[in-house]
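So the structure is just underneath, and the comments pick up after that.
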Amino acid sequence: MTTASPRRFLAHLYQDGPHNPFPGIKALERRLGHALPYQYGSNEGLDMPHHTLGGALGTALADLSRSYADADAWQLRQQLAERLGVAYENLLVDAGADSLLALMMRATVCAGERVITSAGTYPTLAYFARGLGAEVIEVPYSESFATADDASSSRLAPDLAALLAAARQHDARVVYLANPDNPSGHLHSDADVRALRDALPENCSLLLDEAYHDFRPDAAHADHAPMARTFRLRTFSKAYGLAGLRLGFMIAEPDDVAMLTKVRIHFAVSAPAMAAGELLLAHPEEAAAHVAGVIDCRDRLAEHLRSLGAEVLPSATNFLCVRLKSAELAAQVQQQLMAQGVLITRSPHPSLGHILRISTLEDSLVPGRLARLEQAIAEERRS
Ligand SMILES: Cc1ncc(COP(=O)(O)O)c(C=O)c1O
């Protein structure tokens, strides 16, 4: 087990336990080496016929709904381990990346301790940290603008040096980095992320949110290796389209996985979600085709908006961002599109109010769909 000094987890977790009181029937069957078809011991064996559920949503879903999923996610972790080239013990499955953020906070941060994040990045981590009474310290993005001679100088990115400086200054427990980032779409290189991690104080963990990992240009050859003092989060919500089922996983060192397992909600992942994840991993070509389509659509939308004169930020995700000069105009565009039934995202953070984020779906390319945005781009060009 991880040693007590320096401390990255709550102090009491370095002692024995707590132990999950309900490892579940699937784990028991594995231990016994045989099935238990007559289940009279808990909720699984109930006689509920599920006519309504089965009729509306299908009998497979109704059947799965009677049982808890395997608390160890044995099958899914085996599949992930094989696919990613990591060990089973490096993997922890939970109900989406958000649940993993909450779990990681719960196991590492006490009230009054400090967590570092970027001002305007994916806000859920800060929300969970504040809920625990932690102090959230936000550092500004590093931002530069395209010039007439150099369009490639357009950049909005989490500032790794500033995150590190804040972690040191505030003796932080956790640094959060989304890579690729939401909402900027920026991708830092693996080498830069490792350098950040290496330079963090020993009692500070890197929470590396890789929810958009599958959309990285180098995803096919990407490094999935567990990194010391680092929690890498992935999700089935994006490349696999399962946001509504809630499924995600973490890659970390076995000792860190074991620490988090002490406090995780053991049946948080539903049986339908687990089964869907197993199924889609067994047919990876479907997610791969989806990702390729999203990237193609993203590139076409970026090209179209750039041809109108928009400043489109480089993106390694399934969305792209248009940077307007004024937050007021961005707010107006968002509201007017919403009135037409078109939902795009504008960060609620005051420092990023001028950024509009558009998920890159084929439908976003339908002529006229984003007409108000196109008009705003033209207005800014004229001004
Ligand atoms: C950076 C980032 N992390 C985590 C999540 C949440 O993912 P999940 O649906 O797996 O909870 C999102 C969702 O948009 C996200 O953008």
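Throughout, read-outs are computed from the coordinates displayed, never taken from laboratory work. Just so it is clear, the model here is predicted, and its values are computed rather than measured. All Cβ positions, even for glycine, are placed from backbone atoms using ideal geometry, and neighbour counts span all protein chains on display.
Working note: Karplus 6.51/-1.76/1.60 with θ = phi - 60° gives the stretch 272-286 the couplings x, 5, 4, 5, 5, x, 4, 5, 5, 5, 6, 10, x, 4, 6 Hz, where Gly and Pro are set to x. All Cα-Cα separations within the chain were binned at 10 Å from zero, giving a P(r) of 5, 21, 29, 24, 15, 5, 1, 0, each value a whole percent of the pairs.
Among 366-376, 305-315, sorting by the average number of other beta carbon atoms lying within 10 angstrom of each residue, highest first, gives 305-315, 366-376. Along the stretch 205-216 the Karplus relation, 6.51 cos²θ - 1.76 cosθ + 1.60 evaluated at θ = phi - 60°, assigns HN-Hα couplings of 9, 9, 9, 9, 7, 10, 4, 9, 3, 5, 9, 4 Hz to successive residues, with x for each Gly and Pro.
Can you spot the aspartates and glutamates whose alpha carbon is less than 16 Å from Lys325's alpha carbon? Ignore those fewer than 8 places along the same chain. Cross-link targets: Glu143, Glu311, Glu374, Glu379, Glu380. With both partners inside the chain, how many of the DSSP beta bridges are antiparallel, as a percent to the nearest 5? About 55 percent, rounded to the nearest 5.
Net charge of the neighbourhood of Ala292, taken over other residues with C-beta under 15 Å away and scored Lys/Arg +1, Asp/Glu -1, is -3.
For Val174, the amide hydrogen comes within under 5 Å of the amide hydrogens of Ile116, Ser205, counting only partners 5 or more places away or on other chains and with H modelled in the peptide plane. Centre-to-centre, using Cα atoms only, the stretch 112-173 and the stretch 52-73 are separated by 41 Å. Near His266, once Lys and Arg are set to +1 and Asp and Glu to -1 for all other residues with Cβ below 11 Å from its Cβ, the sum equals -1.
Determine the shape class of the stretch 296-383: with a ≥ b ≥ c the square roots of the Cα gyration tensor eigenvalues, call it rounded for a/c under 1.5, and otherwise prolate if a/b is greater than b/c, oblate otherwise. Judged from the Cα gyration tensor, the stretch 296-383 comes out rounded (a/c under 1.5). Distance between the 7 Å Cα→Cβ label points at Ser189 and Gln332: 4.2 nm. In the chain, helices alone account for a calculated mean residue ellipticity at 222 nm of -11500 deg cm²/dmol, with every DSSP H run of four or more residues adding -39,500 (n - 2.57). The packing ranking of peptides 188-201, 123-136, 8-21, 224-237, highest mean first, is 224-237, 123-136, 188-201, 8-21, where packing means the average number of other beta carbon atoms within 10 angstrom of each residue.
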